[in-house]
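Only one structure is covered here, and it is reproduced in the block below.
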Amino acid sequence: MSVLTNENLTPQDILAKAQKLRPQLGDAFRDEIVTSLYGEAERIAQRAVHTTKDKRWDFDQRIDRIVTSPVWGLPIMLLLLAAVFWITIVGANIPSQMLATALFWLEDKASGLFTAWGIPWWITGFLWHGIYRGLAWVVSVMLPPMAIFFPLFTILEDLGYLPRVAFNLDFLFKKAGAHGKQALTMAMGFGCNAAGVVATRVIDSPRERLIAILTNNFVPCNGRFPTLIMLATVFVAASFSPVAASFVAAGSVLAVVLIGVFFTLLVSWVLSRTLLKGEASAFTLELPPYRRPNIGRIVYTSLIDRTIFVLWRAVLMAAPAGAVIWVLGNIYVNGNSLAIYIANFLNPFGVLLGLDGVILLAYIIAIPANEIVVPTMLMVYTGTGMMIDLPGLDGLRTLLIGQHGWTLLTAINLMLFSLLHNPCATTIATIYKETKSAKWATVSVIITLGLAFLVTFLTASFARLIGWA
Amino acid sequence: MPDPIVLLLAAALLFALALLIFHPRKGIFIRLRAGRAAAQREKMEDILKFILDRQQEGRFTSNEALIDVLSIHPNELLRVRKTMEAQGLVRVEGGTLALTATGQQLALQIARAHRLWERYLATEARLPLQKIHREAHRMEHRISQSEVNALDAALGYPLFDPHGDPIPNRAGELPAKELGKPLTEWEAGTPGRIIQFEDEPPLAYEQILAEGLKLGQTLRVIEATPERYVLTDGENEYRLAPAVAANVFLVPSPKAAIHGGDVFPLASLDDDQPAEVVNIDESCQGFTRRRFLDLGLTPGTIIYPELNNFFGDPRAYRVRGTLIALRRDQAGMIQVRRLEPE
C-alpha cells in the first residue's frame, strides 16, 4: 500500500514495481483468484439460498441413469431417432398429398387460363410447368416433413436430451480424433446440412470444427429423405403389410442414417490423420438439468427460424432448377429431348456405378436443391416434359423395375449415392462463408463426391463379381 | 537499318528486364539480398541462442560444436562469426565463443520469443507438444519486440515454457528456478517432481511424451540399469532408455510428503465415490486449465462420478450441483482425494 500512496512516485515507477513483483506471484495465483471467487460465491449462496431436498432433481438423476446407462443408453437413442423418423414419415404423408393436390390444381387452372388467353404454349410451359411446378414440388414434398421434424427435434433439444446424445457418442468421436459436440452438429444436419455447418460454431477447436464441417454432409438432410423414403417404400416395405410398411420404411431410413454416421466417423478419422492432423482436444460438456419444453417457443423457433428459413432457401434454388428441367425436357433435337441426350451420354458412367444416366442427370440438375431428384428422374423416365407426381406405389414399381431395369443393386447404390454425394449449393456456399476459404469448400465437394463414386463403384463391381446383378 | 519498331520493342523489353532485376523494392536483386540477409540473421540468432543455452548449462561453445549441432558449413560459420564479432555480439576467447553483454541480451530476447511461442502453441492453440518446437523456431525470427510483449501480456506473463524452460522477461531477466537433476543421477526410491524436459534432440523428447510423462508429476525410480529406467507414480509404470532419461530433470518433491499416497487422478475414482479436488496438474495450462477453473474445479471442491456410458468414456461428474462430462484424458489431469461417504 505504501508504494501507491507515496506521492513522489510516477506512474512509470508503479508499473516498474508491478513488473518486479509479478514474478513472485507464481503460476498458481490465477487459481487462487478463481478459488476465492468461488469461495465467496458459495458463502453468499449459502446465506441467500435455502435448499430443501429436491424431488425433481432426484427424478432428473433417475432419468439420466437410464438414458445414459451403459446398457440402455444407445438402444434408447436409436429408438427415439426411429420414432422421430416414423412420426415424420406417417404424419407428413397426408398433408403432403393435400398440398400437392392444391398446388397442382392451381397450376392446371392457371395454365388453362393462360391458354385461353392465347398466350404461346412455351411461355405457359416455362412459367407454370417449369418454374411453378418446381416450386410446388419442393413446397409439398418438404414443408410437411420439416414442419413435423423440426418441432420434434426442438423438443428433444429443449428437454436437454441432445447433450446426452453427445455424451453417449463422444467416445467414438474421440477415437476418430474429433470433438464430442460433433454429435450435436450432426443431429442438426438431419434438418438441413447448411444449418448443421453453421451449428459447428459450438466447437472451439478450429481443427475439430473443420472436421465437423467437412463431414456434416454424411447425415441425410430433410431434402434427401424423400428419396430414401421412396426407395424404402418401393423396394423394402412393398413386400410387407400396409400396417407394417411405415415401420419398415422408418427402419430402413434409420439404417441409412447409421451408415451415414459410420461414414462420418470414418472420414473424421482419416481427416485427423491426413489433412487435419492432430490430437483430440479438451472436451468438457455440461449436461444441463431437464427442462419442461416451452411449446410456444418451440413452435416459433422451429417453424419460423428453421422451417420457413430452410424452405425459403429451397424455393429460391428450386425455381431456376425447375426452369432448367423444363427447358431440357422440351427442346427436341431429332425427335429426342435434350434430357434424353444427356442421360444417354451419362449412361455408361452411371452403369459403372450401378446406377444409370437418368439418375446422374437428376443429381446434376438437383445440385441447387436435393428435393427435386426424384421428380426429375421420373420426368425423364416417363418422357413427359415436366416433373410428375409419384404415380402410386404399384405404378412406380412397374415403371422402375419393369420398364427401366432397376434391381436391388440400383436401389442400394442410389441410396448410398444419395447419402454420400456432394452437398447442395446452399451447403457449399455456407461452408465457404463459415471457413472463409474456397479451398475447404472445394475439399468438401471432392471428399463427398469422390467417396460416392468410389463406394457405389465398389458395391456395383462386387455385386457383379459374385453374379448378383 | 533495322526496323525502328523492332528497336523500340527491344528497348522496352530491356527496360522491363532491368526493372524486374533492379527494382528498388520488388526487384529480383533486392529480394535475393533480403532473403540472404534474413537467412544470415536467422543463422546468427540460432548461434546466439545456442551459446546462451550452453552458457546456462555452464558449458563453453566451440566452433566444432556449432558446426556439428547447427550443421553450418565451416566457411559459412567463419563468415557469420566475423559479422557477429564486428557487431559486438560475441567474443572469441581461445577456441571458444562467448556472448558479450549485447549478445546476451539479444539471445535472451530470441529465447523469450521462442518460449512464449511454444507456450502459446501448447496451451492456447493446443498443438501436440511434439510439434511446437519446430513451429516456434520458425516464428521466433519473424516476430517484433512489441509483438513479443503483446504475446507475453496475452498469455498472462508465464514464467516457464511447456517443457519447463524459464522464459526471460522484457528486461531479459530469468525467473528464479530450482535447478533440476537429470533422472540418471536421481537416487532410486526418493520421490522427485519433474520440473523440466530437454526438448533436443526431438527423438528423445518424443519418447518422453509417448511414455506419457508430464511436467509436475511426482515419480520414484524403481529400477535403474544400463538398459533402462523404470519409474512409477504409484499408478502407472514408465520405461525410458538411459539416453532419454538424461533429458528428464527432477527436484525433490515436498508435495508427495504432504499428500501421502492417497492423492490420485480423478480418472481412476470409482463410480459414485465422492472425492475432493486437490489440484490441477501443473502440465495443464492455458485454455484447458481456465476451462476447468471456470467449471468450478477449484481445490476443495467436492466431486463424484455420477454417470457412465456404454463406452466407459467420458464420465459425467457432479460438481457444485451441475453435471459435467469429462474425457478420461482430462479427468487424468485433476488430482483428487477420496472422501468418506456421509
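Read-outs: derived from the displayed coordinates by stated rules, not from any lab. Computed from a predicted structure; not experimentally measured. Cβ atoms come from the backbone with ideal geometry, glycine included; neighbour counts cover every protein chain shown.
Things to note:
- Packing, taken as the mean count of other beta carbons within 10 Å per residue, orders the peptides A:343-351, A:419-427 from highest to lowest as A:419-427, A:343-351.
- Using every pair of separate Cα atoms, the Kirkwood estimate puts the hydrodynamic radius of segment A:73-465 at 21.8 angstrom.
- Counting only other chain Cβ atoms within 10 Å of each residue's Cβ, the peptide A:164-175 averages 4.
- Arranged from fewest to most other beta-carbon atoms within 10 Å of their beta carbon, A:W117, A:W72 become A:W117, A:W72.
- Furthest towards positive pole of dipole, A:L420, A:V270, A:A441, structure part chain A, Cβ charges: A:V270
- By the beta-carbon count within 10 Å of each Cβ, the least crowded to most crowded order of B:C284, A:C192, fewest first, is B:C284, A:C192.
- Taking amide hydrogens as placed 1.01 Å from N in the peptide plane, the amide H of B:E223 sits under 5 Å from those of B:V230, each at least 5 positions away in sequence or on another chain.
- Likely footprinting exposure, B:H23, A:H129, A:H404, fewest C-beta neighbours within 10 Å first: B:H23, A:H404, A:H129
- Listed peptides B:149-155, A:230-236 appear in the order A:230-236, B:149-155 once ranked by packing, highest mean of other Cβ atoms within 10 Å at the front.
- Inter-chain shielding of A:62-72 (mean C-beta neighbours from other protein chains, 10 Å cut-off): 3
- Most mobile listed residue (B:T225, B:T83, B:T100) in chain B, GNM with C-alpha springs under 10 Å: B:T225
- Counting all C-alpha pairs of chain B, share separated by more than 29 Å (%): 54 percent
- Shielding by other protein chains, B:309-320, mean Cβ within 10 Å: 6
- Averaged over residues, the count of other Cβ atoms within 10 Å places the peptides B:54-61, A:409-416 in the sequence A:409-416, B:54-61, highest first.
- Cα-based helix-to-principal-axis angle, B:101-123 vs chain B, degrees rounded to 10: 50 degrees
- Overall Cα dimensions of the protein assembly as shown - principal axes, largest extent first, Å: 110, 104, 68
- In Hz, Karplus ³J(HN,Hα) per residue of segment A:180-187 (6.51, -1.76, 1.60; θ = phi - 60°; x = Gly, Pro): x, 6, 4, 4, 5, 5, 4, 5
- Loop-located trypsin sites (Lys or Arg not before Pro) in segment B:168-269, at most 10 other Cβ atoms within 10 Å (DSSP): none
- Nearest-ten-degree value, helix B:4-22 long axis tilted from longest Cα axis of chain B: 40 degrees
- Distance distribution P(r), segment B:264-338, all Cα-Cα pairs, bin width 5 angstrom from 0: 3, 18, 32, 30, 13, 4, 0 percent.
- The separation of segment B:145-181 from segment A:166-194, counted between C-alpha centres, amounts to 38 Å.
- In a DSSP loop and with at most 13 other Cβ atoms within 10 Å, the trypsin sites (Lys or Arg not before Pro) in segment B:1-49 are B:R25, B:K26.
- Cross-link pairs exceeding 25 Å in C-alpha to C-alpha distance, out of A:K174/A:K277; A:K174/B:K214; A:K277/B:K43, comprise A:K277/B:K43.
- Nearest-ten-degree value, helix B:28-56 long axis tilted from longest Cα axis of chain B: 40 degrees
- A convex hull fitted to the Cα coordinates of segment A:11-67 yields 161 cubic angstrom per residue.
- Estimated translational diffusion coefficient (Stokes-Einstein, Kirkwood radius over Cα pairs, 20 °C, 1.002 mPa s) of segment B:28-99: 169 µm² per second.
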